[in-house]
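The values are calculated or read from the model by the stated rules, or taken from the named source; none is laboratory data. Note that the structure is a prediction, hence the values are computed from the model and not measured. Here the Cβ positions follow ideal geometry from the backbone for every residue, glycine too, while neighbour counts run over all protein chains shown.
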Amino acid sequence: MPRSLKLVPPSSSSTPQTIQIFGMDYWPDATGIAPYTTGLAEYLAREGNHVDVMAGMPYYPEWSVKSGYERSFRRMEIRNGVTIHRARQFVPRRQSALRRAAFEATFLLNAGIGHRTRRPDVVIGIVPALSNGVLAARRAKSLGVPLVLIIQDLLGQAAVQSGVDGGHRVAEVTGKLEGWIARQAAAIGIVASGFRPPLERMGVDPSRIHSIRNWTHIQQVTADRATTRTGLGLPLTTPIVLHAGNMGLKQGLDNMIEAARLAVTSAPEILFVLMGDGNQRSHLEKLASGLPNVRFIDPQSDEDFPNILAAADVLLVNQLPSVVDMSLPSKLTSYFAVERPVLAAVASNSETAKVVAESGGGRVVPAGDPAALVDELIRVTRSSELAASLGHAGKRYAQDHLSAEGVLRRLDMLIRGEVPLIARATGAEEALAS
C-alpha cells in the first residue's frame, strides 16, 4: 500500500470525519457480528461524524430475510444518526461453499453499484464477509483514502474449519483474497489474538495489526429467574444448560444433543435448552426427537435475551473440534456479563478456550466429547459454590475488559490513526485489548 495512505492522526481527535462502513450484517439483526457493526457506527455518529453504512438485508440467525424487508431490492434508512444503504443479497437456507459464494457475490454486485454517498475521509470494512472487504478496499483505493479493517472472523481459516461442504476446495482462493484485502489496510483491528499469525503469514505489516476485543452489548437483566422461566414454560428449579445464538455448522451442536442423550440416565435432572435459529436447527430438532430433557426456544427480543441468559444455570459454547483460530464467538461477551458459569466444549488450543481460561469464568472440555460435557455439567450444577465462583469471575472480566465505552473509544482511536502512537508510547499493544 502506498505510504501516502497510512493513517495520519488528525490535529484534534474531535475533528469530525465522513466515514463509510461496509458491513453486510447490521441492525435489526441482534446476534453475531451485527450488534458490533451497529454499535460502532452509532458511536461514531454520536461523536459528530457523518457515517454511511452499506448493509445487506437483515437475515441472521434465521438465514431468512426478516419481515418487512422481503420485497426490498435496495432501500435507505436513517437510524440513530447513521445513514444505512441496504442492498439485497441471496440468503441460503442451507450452507455450502457454492451457496456461500453466491451469498457474497450477490451482495458484492448489488452493493457495488448505484449507491450515492458522501466522499469519505476513511473507509471501514468488516470481515467477514469478504464482499465487505473487497468493496471497502476498492472504494478506499479509488478515492485515495485510508482503509481500516475490523476482522471478526478469518474466512480462509473458516472455510477449512467450519465444516461447510466444499470448504477445503475454496480455502486457498479465499485465503489469497483475504490476504490481498488485508495488505491494503492502513490499520487492522482483530477481536482475537490468534488472528495475528495468519495475517502476518499473508504478508501484513505486523505494526498495522491491533488487538481490540468486542464488547458486552446486551442490556441489563430486568426480570428475576422465576418470572423468566415461567414466561417460557420452563421448570423453576431444574438445572438448565443453555446454548444461545446461531445453530450452524461450526457450532457442532450435535454434541449437545448427544450429551443430553447420555444425561437421560447419568444426570436426568439437567435440562438442555437451545435458543435461537440457524441452518442446522431442523436437523437438531430431528436428532433430539424423543429426548425428554431437550427444549428449543425461538430467538428472543433484545430486552428478554439477557433475562433468559441469567435464568440459566450454565451457559454453553460448543464448537466443532476443527474450529481453532477462525473466530471467537460473540456470545461470550454476553455470557460473562450475566454472571453465570460458562462451559466451553471446544478445542483446547482454540481462541475460545484461551478466552474462557483467561476470564476465569468457565471450564473447558474437549470438543466433540459428549461424555466429558455431561461430567463437567454435573460438577458445576451440583456445586453452588463452584458455579457462583465461576459466575463472579466472568462478571469481573466483563467489567474490566469488555466495557462498550472502552472498546469503542479504542476503535475510534484505531480509525483516526492514534492507536499506533499509544502502543509505542506504552510498549504494550495487547494492553489496549484489555
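Things worth noting here:
- Only a single criterion out of (1) touching a helix residue (DSSP H, G or I) at 6+ places or on another chain (Cβ under 9 Å); (2) modelled with pLDDT of 95 or more is not satisfied by THR265, namely (1).
- Considering MET54, MET76, the condition of being surrounded by 19 or more Cβ atoms within 10 Å (Cβ to Cβ) and among the hydrophobic types (A, V, I, L, M, F, W, C) is satisfied by MET54 alone.
- Flag for GLY276 being on the phi > 0 side of the Ramachandran plot and either touching a helix residue (DSSP H, G or I) at 6+ places or on another chain (Cβ under 9 Å) or among the polar types (S, T, N, Q) (or both): no
- Some residue of the stretch 327-344 being in contact with an Asp or Glu (Cβ under 6 Å, 6 or more places away or on another chain), of a type outside the set (Ser, Thr, Tyr), in contact (Cβ under 8 Å) with a residue 60 or more places away in the chain and assigned to a loop (DSSP other than H, G, I, E, B): yes
- Tally, over the stretch 210-243, of residues that are within 21 Å of THR381 (Cα to Cα), of a type in the set (Val, Ile, Thr) and surrounded by fewer than 16 Cβ atoms within 10 Å (Cβ to Cβ): 4
- Checked against the criterion of being modelled with pLDDT of 85 or more, assigned to a loop (DSSP other than H, G, I, E, B) and crowded, with 22+ Cβ neighbours inside 10 Å, the candidates TYR69, TYR26 yield just one match: TYR26.
- Just one residue in the set GLY133, GLY125 is under 29 Å from PRO321 (Cβ atoms) and at pLDDT 90 or above; that residue is GLY133.
- TRP27 farther than 16 Å from ASN279 by Cβ and not assigned by TED's automatic domain parsing to the domain that holds GLN280: yes
- Evaluated against (1) touching a residue at least 24 places away in the same chain (Cβ under 8 Å); (2) surrounded by fewer than 19 Cβ atoms within 10 Å (Cβ to Cβ); (3) farther than 14 Å from ALA41 by Cβ, GLY133 falls short on exactly one condition, (2).
- Matching helices (runs of 4 or more DSSP H) fully within the stretch 384-434 where at least 2 residues are at pLDDT 90 or above and surrounded by 14 or more Cβ atoms within 10 Å (Cβ to Cβ): 384-401, 404-416
- The residues listed here are ASN110, ASN132, ASN49; of these, the one that is closer than 29 Å to ARG281 by Cα, in contact with a strand residue (DSSP E or B) (Cβ under 6 Å, 6 or more places away or on another chain) and not assigned by TED's automatic domain parsing to the domain that holds GLU303 is ASN132.
- Restricting attention to the stretch 29-49, the residues that are within 21 Å of ARG75 (Cβ to Cβ), free of Cβ contacts under 8 Å to residues at least 40 places away in the same chain and not in a helix (DSSP H, G or I) total 1.
- Residue in the stretch 326-383 that is surrounded by the most Cβ atoms within 10 Å (Cβ to Cβ), counting only those that are at pLDDT below 95 and closer than 14 Å to LEU242 by Cα: LEU332
- Taking the numbered list (1) in a helix (DSSP H, G or I); (2) in contact (Cβ under 8 Å) with a residue 12 or more places away in the chain in turn, ALA357 passes all entries but (2).
- Apart from one condition, MET247 fits all of (1) modelled with pLDDT under 95; (2) outside any loop (DSSP other than H, G, I, E, B); (3) surrounded by 19 or more Cβ atoms within 10 Å (Cβ to Cβ); the exception is (2).
- Counted residues, the stretch 27-61 - those being closer than 17 Å to PHE107 by Cβ, acidic (Asp, Glu) and out of contact with any Phe, Trp or Tyr (no Cβ under 8 Å at 6 or more places or on another chain): 1
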